[in-house]
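Some notes on the structure that comes next.
The values are calculated or read from the model by the stated rules, or taken from the named source; none is laboratory data. If you're wondering where the values come from, they're calculated on a predicted model, not measured in any experiment. Reconstructed Cβ throughout: ideal geometry from the backbone, glycine too, with neighbour counts over all protein chains shown.
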Amino acid sequence: MYTTPFLDIPALDGVSGRVRLPGSKSISNRVLLMAALCSGKTVLHNLLHSDDTHVMLQALDQLGCALHVAGETTTVNGLNSDATGPRIELFLGNAGTAMRPLTAALALRGGEYTLSGTARMHQRPIGDLVDALNALGCRIDYLGQTGFPPLRIRSPNLDFRRPIRVRGDVSSQFLTALLIALPTAAGASRRDIEIEVVGELISKPYVKMTLDLLARFGVDVRRDAWKRFVIPGGSRYQSPGDFQVEPDASSASYLIAAAALSRPTGHDDGLTIEGIGTNSIQGDIRFAEAAERMGARIQSATDGLHVARSRWPLKAIDLDCNAIPDAAMTLAMMALYADGPSTLRNVASWRVKETDRLAAMATELRKLGAAVEEGADRLTITPPATPEHWRAATWRTYDDHRMAMCGALAAFNPAQLPIRIDDPACVGKTFPDYFETLFQVARPATSVPVICIDGPSASGKGTLASGLARALGYHYLDSGALYRLLGLAARRHGLAPPFQDAAALGALAKTLPVRFHEGRVWLGAEDVTHAIRSEQAGRDASLVSAVPEVRTALLHFQREAARLPGLVADGRDMGTVVFPRAPLKVFLSADVAERAKRRAAQLRARGVDTKIDSLYADLVERDARDRARTAAPLKPAEDALPLDNSHLSIEQSVAEVLSWWQKKQPFRGA
Ligand code: DC
């Protein structure tokens, strides 16, 4: 997950290949609670692990439910129905799928609880559910504003003789909450319990999903249109044993859209989204039909959905989106690429989601150059008239995961402009690795941005470059490590200083089995992270790096490191040879005395005792050799910006280079 303050996504050309998406949030939180309400054990497969499911897992843990997470499986042991201890305080973040059903389940169960969440959760309505439950004899009080969490719950005095009336036109989660909570009560009271929906029920597919899942857990609810629901007396949750959570259909919408926006290349076209089909029980799978109407080609096969573009520009759409409120946001992004204005109707519920999504979408889409009309419950989007009308924007996300995921779809713009996503970590709510997943299958439309940090040994390049990479969420290439690795590999092959067998070294470099993974460096199966940091390895590197055959052979390793969303590369010739067109090149230097001091401190931290004098002499000798060699000598690129960091802290150096980088960016409208 990207935890940087912002993430810059370069212009994208398309997506292809295969992806596997995390489990559905809506299914995960429903089945977690249903499994907890069963007696006995349920093993859940492919459960989503994200902010919203973690609050549910944590709440169940606090309630005394024994949970065990191991790799792909989560084992849930049913709650003991009699055990109600002292008052329990549950914090439910901003997860509506935890707050609403837990309120109902706990209010009916007995015991004392307080339920709270984030500031936004305390602005999201729950009054209709509380009214319905209190009319039954539950005892729920508001601890803050009437109609909103936080709530206090005490043991009820239940009376099921009258039907339960609940409003259906604010959030379908109120009905879902009752449907999940009442079977236990119906089992205990041995009489049918009836729910009557007041007003038009919105987001019906989510209620349908609840009913499907209840059936999988042994509870058959009778349904009369979308008005009346009867939970039969004597109902009892029964564990299905194992349960496979489908990949999230709402998450899939972004990748379906990306595939529909992909420019065909003539080979390997299309994206396969594994493990999900149009027979999914998730309502948002119906997004696929809307995407097809706009110009996606979607085939549902046994291995998943195959998606590609079928027409361009996309066709504008006018659609009642009440059944797919979440995925409808993705349609708003596709509308940017349509042949005219699109209208998404009947989405008033957007106003009470993680943020006011109607207002947020309108504001952000306008920044990109679209004309947007925001109605009380609809959005009309007119795409930018020509590529020249597109703008490179800072896309705000309002702590709303779907805003962030949608924003990335602006990267397919025909003007090939990058997009900056603010607070990318908010995708953690439902899809923590969203951006990583997208980058795995995406093709950049232009070259991936590279920042080059060149300079002499021990000038602090590595520290600066990795600090920049962390700040920007970019990959990091330590090119010196490649030469150090080669020195080590050469010794293993019986070559020795002064390494004059150019042909043998070149051949070795071409097939160097190098792997950089999570901060560690591997030579074949051997972890050489420490071995390549010795002073001898540094001297060897300086020698093998002077061999032209070696430099040519190692070029492709280095250029391959330029992957989405960007790269910070450090070395001697990043700006001059490897990435000559990089948009920012820095030539870092520091006094030799200062560099010798830093290197000594580094070595001492690793338990190696050295003399400053010999380090000083060694640096002078290495600088001279790196400068004098004919192959890619150490020198600043013509367009490199010099930075002498002799008297700067690491933070100051990073801040300075970041400010140079920011000045080169086109983003507007923070
Ligand atoms: O940056 P470093 O100390 O890890 O580099 C080790 C040696 O590798 C250094 O003496 C010069 C050489 N090198 C190079 O020639 N070109 C690069 N891009 C990086 C390092």
Check: Looking at Gly137, Gly93, which one is surrounded by 18 or more Cβ atoms within 10 Å (Cβ to Cβ), part of a loop (DSSP other than H, G, I, E, B) and of a type in the set (Gly, Ala, Ser)?
Finding: Gly93
Note to self: Out of everything in the stretch 145-176 that is under 36 Å from the mean Cα position of the chain (by Cα) and farther than 28 Å from Val347 by Cα, what residue ends up being surrounded by the most Cβ atoms within 10 Å (Cβ to Cβ)?
What the structure shows: Ile153
Note to self: I'd like the residue in the stretch 446-468 that is of a type in the set (Ser, Thr, Tyr) and within 16 Å of the ligand (Cβ to nearest atom) and, out of all such residues, is surrounded by the most Cβ atoms within 10 Å (Cβ to Cβ).
What the structure shows: Ser459
Notebook entry, point to check: Being crowded, with 24+ Cβ neighbours inside 10 Å, modelled with pLDDT of 95 or more, in contact with a Cys (Cβ under 7 Å, 6 or more places away or on another chain) and over 26 Å from Leu143 (Cα atoms), is that true of even one residue in the stretch 39-47?
Noted result: no
Notebook entry, point to check: Ala605: of a type in the set (A, V, I, L, M, F, W, C) and modelled with pLDDT of 90 or more, yes or no?
Noted result: no
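Determine whether Ala408 is in a helix (DSSP H, G or I) and surrounded by 21 or more Cβ atoms within 10 Å (Cβ to Cβ).
Numbers: in a helix (DSSP H, G or I): yes; surrounded by 21 or more Cβ atoms within 10 Å (Cβ to Cβ): yes.
Here the answer is yes, as Ala408 does meet what is asked.
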Next item on the list: Kindly check whether there is at least one residue in the stretch 369-391 that is within 26 Å of Phe435 (Cβ to Cβ), under 22 Å from the mean Cα position of the chain (by Cα) and crowded, with 17+ Cβ neighbours inside 10 Å.
Entry: no
Next item on the list: Hey, could you check the stretch 524-542 for residues that are hydrophobic (A, V, I, L, M, F, W, C) and surrounded by 19 or more Cβ atoms within 10 Å (Cβ to Cβ) and say which is farthest from the ligand (Cβ to nearest atom)?
Entry: Val528
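Does Val608 qualify as being surrounded by 14 or more Cβ atoms within 10 Å (Cβ to Cβ), farther than 18 Å from Val592 by Cα and not small (Gly, Ala, Ser)? First the steps, then the outcome.
Details: surrounded by 14 or more Cβ atoms within 10 Å (Cβ to Cβ): no; farther than 18 Å from Val592 by Cα: yes; not small (Gly, Ala, Ser): yes.
No: the conditions fail for Val608.
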Note to self: Go through the stretch 210-237 and report how many residues are within 22 Å of Pro163 (Cβ to Cβ) and acidic (Asp, Glu).
What the structure shows: 2
Check: in contact with an Asp or Glu (Cβ under 7 Å, 6 or more places away or on another chain), crowded, with 24+ Cβ neighbours inside 10 Å, within 30 Å of Pro444 (Cα to Cα) and aliphatic (A, V, I, L, M) - does that describe any residue in the stretch 278-301?
Finding: no
Notebook entry, point to check: If you check Val586 against the conditions, is it in a strand (DSSP E or B), surrounded by 12 or more Cβ atoms within 10 Å (Cβ to Cβ) and more than 13 Å from the ligand (Cβ to nearest atom)?
Noted result: yes
Notebook entry, point to check: In the stretch 299-323, what residues are of a type in the set (A, V, I, L, M, F, W, C) and at pLDDT 95 or above?
Noted result: Leu305, Val307, Ala308, Trp312, Leu314, Ala316, Ile317, Leu319, Cys321
Check: Looking at the stretch 469-521, which of the residues that are among the charged types (D, E, K, R) and either within 15 Å of the ligand (Cβ to nearest atom) or outside any loop (DSSP other than H, G, I, E, B) (or both) is farthest from Val544 (Cα to Cα)?
Finding: Arg470
Notebook entry, point to check: Can Ala596 be described as farther than 22 Å from Ile453 by Cα, assigned to a helix (DSSP H, G or I), within 15 Å of the ligand (Cβ to nearest atom) and not hydroxyl-bearing (Ser, Thr, Tyr)?
Noted result: no
Note to self: Here is a check on your reading of the model: is Arg162 at pLDDT below 95 and of a type outside the set (Ser, Thr, Tyr)?
What the structure shows: yes
Check: So, in the stretch 345-368, of the ones that are more than 19 Å from Ile317 (Cα to Cα) and β-branched (Val, Ile, Thr), which residue ends up surrounded by the most Cβ atoms within 10 Å (Cβ to Cβ)?
Finding: Thr355
Note to self: Need a quick list: strands (runs of 3 or more DSSP E) entirely within the stretch 207-255 having at least 2 residues that are surrounded by fewer than 17 Cβ atoms within 10 Å (Cβ to Cβ) and among the charged types (D, E, K, R).
What the structure shows: 222-224
Notebook entry, point to check: When you scan the stretch 592-605, how many residues do you find that are over 19 Å from Arg533 (Cβ atoms), in contact with a helix residue (DSSP H, G or I) (Cβ under 9 Å, 6 or more places away or on another chain) and surrounded by fewer than 19 Cβ atoms within 10 Å (Cβ to Cβ)?
Noted result: 1
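Here's a check for you: in the stretch 547-577, which residue that is charged (D, E, K, R) and touching a residue at least 12 places away in the same chain (Cβ under 8 Å) is farthest from the ligand (Cβ to nearest atom)?
Arg563
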Check: Given the residues Ile195, Ile273, which is the only one that is hydrophobic (A, V, I, L, M, F, W, C) and over 24 Å from Arg100 (Cα atoms)?
Finding: Ile273
